[in-house]
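Here is the structure we will look at, set down as structure tokens.
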Amino acid sequence: MHNPTTLYLDNAATTPLRPEARAAMEPFLDAAFANASSLYASAREARKGIEVAREQLAAAVGARPEEVVFTGSGTEADNLALKGAAWHAREQGRDGIVIGVTEHEAVAKTAEWLGRVGFRVRVVGVDGNGVVSLDELREAVDEKTAIVSVMWANNEVGTVQPVAEIADIARSARALFHSDAVQALRFLPVDSSRADLTAFSAHKVGGPKGVGALIVRRGTKIQPLIHGGGQERGLRSSTYNVAGIIGFGAAVGAVAAERSSVVPSVEMLRDRLQAELCARITGVHVNGAGAPRLAGHVNVSIEGIEGEPLILLLDGAGVAASSGSACQSGSTEPSHVLVAMGVSRPLATSALRLTLGTDTTEADVDRAVSAVADAVVRLRR
């Protein structure tokens, strides 16, 4: 059970289920439970709900409904994009995969696997704000590159990438361009027509967990990962998660409708949070502040502490946040994103990520600043 006293500032990890999504889903969790691939009336009703959701997502991201392929997650959508494109391209004599160094592991680990099965993988660096090097990207892409993958906006720091320029570089070599837009959709008007393949996830925009989507632009050829009954034009066979897909569509529609009014207020609160942290605590370094960022992201490194103990102290104070570090095999490793940006290991392991939601208030920001300041004092003793 969620503790109502908890201040939730980890919206980049997941978001609360929006009331619009819950209301849309409820009938399909109860009486309207039919399999959408069947032929009788209740099944047709379920299928109609899926098609409405398909139209809602397509309208929100500048796609055609028939270009929407529903998946089980954003991670699956990324895997389908990279593996599906690579396998098809290999039949055409292309074997190159080019990704950004700060990609989510859904892309990075997939590219690594493709490298083990014979594809050439190039990893392109970023500057100190996490923006991909366009010059390095031009050098990495060649006439045998199958796909270029650079995320729309970074999940840790919030850096927004120059998607149009990246797309031009990929297409100049007739390579496909894929972008993980999982983090971007909540705060940015994503135009999926800029990419050949664009990945999304429901639970990042107030929809349910266990649902994602890949926009496969018309004319783009990929191979499926999952074979079976031929759902989603044969690109993703599986029994439909009817309620989940319908909740995804409702959440996306609500996000798109409110974005222009919500984003400025979230940006204001982000800037206030960032400024107050710097004012109240010595040795605070803001990561990625010199580039366009998502409205809700604040990522700071704090001298003289480690991220994991800070997160635990904040949890004890009723603040849910995350660190730029990952604990693996009992040892804390620095964030690969921050390391790629040139942040030193001590600062990378001291990172704190606070990600705001559309319901975050000024009082929440003030409470968060006080909690972080108190925790830092304890850790520096």
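Just so you know, all these numbers are worked out from the coordinates, no wet-lab data involved. Here the structure is a predicted model, which is why all the values come from computation and not from measurement. Please note: Cβ atoms are built from the backbone with ideal geometry, for glycine as well, and neighbour counts cover all protein chains shown.
Let's test the formula: R0 of 35 Å, r as the Cβ-Cβ distance of Thr239 and Ala275. What FRET efficiency results, to the nearest 0.05? For Thr239 and Ala275, the calculated efficiency is 0.10. With both labels modelled 7 Å from their Cα along Cα-to-Cβ, the Leu134 to Lys209 distance reads 3.9 nm. Here are several values of Cα extents along the principal axes in Å: (1) 65, 53, 39; (2) 69, 39, 38; (3) 61, 49, 43. Which one was derived from the coordinates shown? Given (1) 65, 53, 39; (2) 69, 39, 38; (3) 61, 49, 43, the structure-derived one carries the label (1).
Looking at the P(r) of the range 122-189, how many percent of alpha-carbon pairs lie beyond 20 Å? Kindly include the intermediate steps, with their values, before the conclusion.
Numbers: 574 of 2278 pairs.
Result for the distance tail: 25 percent.
Output the peptides 282-288, 167-173 sorted from most to least packed, where packing is the average of other Cβ atoms within 10 Å over each peptide's residues.
Numbers: 282-288: 19.0, 167-173: 17.3.
Highest-to-lowest ranking by the protection proxy: 282-288, 167-173.
Report the antiparallel proportion of the DSSP beta bridges in the chain as a percent, rounded to a multiple of 5. Of the beta bridges lying entirely in the chain, close to 60 percent run antiparallel.
Protection proxy ranking for 136-149, 302-315, 176-189, using the average of other Cβ atoms within 10 Å per residue and placing the highest first: 176-189, 136-149, 302-315. Here the calculated FRET efficiency for Leu312 and Ser344, from their Cβ-Cβ distance with R0 = 30 Å, stands at 0.85, rounded to the nearest 0.05. For the range 339-373, the residues whose backbone nitrogen is under 13 Å from a point 7 Å from the Cα of Arg380, taken along Cα to Cβ, are 372-373. Straight-line reach from Lys83: taking Cα to Cα under 22 Å and skipping same-chain neighbours fewer than 8 places apart, the lysines in range are Lys109, Lys144, Lys221. Helix-only arithmetic for the chain: the sum of -39500 (n - 2.57) across DSSP H runs with n ≥ 4, divided by the residue total, places the mean residue ellipticity at 222 nm at -13000 deg cm²/dmol.
Rounded to a whole number of µm²/s, how large is the Stokes-Einstein D of the range 236-381 at 25 °C and 0.890 mPa s, given Rh as the Kirkwood radius over C-alpha pairs? Provide the component values of the computation, followed by the final result.
Details: Rh = 16.8 Å.
Taking Rh from Cα pairs, D becomes 146 µm²/s.
Working out 0.36 nm times the residue gap between Glu55 and Ser265, then minus their Cα-Cα distance, what length gain in nm do you get to one decimal? Can you show the working numbers first?
Working: separation 210, 0.36 × 210 = 75.60 nm, distance 2.85 nm.
Computed gain between Glu55 and Ser265 is 72.7 nm.
Using only alpha-carbon positions in the range 204-268, the gyration tensor eigenvalues give semi-axes of 30, 15, 9 Å once each is multiplied by 5 and square-rooted (largest first). Label positions at Ala13 and Glu362, each projected 7 Å from the Cα along the C-beta direction, are separated by 2.9 nm. Quick one: if the Förster radius is 35 Å, what FRET efficiency do Leu39 and Leu225 give, using the C-beta to C-beta distance and rounding to 0.05? Efficiency computed from Cβ-Cβ geometry: 0.80.
Using only the Cα atoms of the range 1-117, build the gyration tensor, take square roots of its eigenvalues as a ≥ b ≥ c, and label the shape rounded, prolate or oblate: rounded if a/c is under 1.5, else prolate if a/b is larger than b/c, else oblate.
Verdict is oblate for the range 1-117.
Pairs of Cα atoms under 8 Å, at least six residues apart: use those to get the relative contact order of the chain, whole percent.
Details: 797 pairs, mean separation 83.2, N = 381.
It rounds to 22 percent for the chain.
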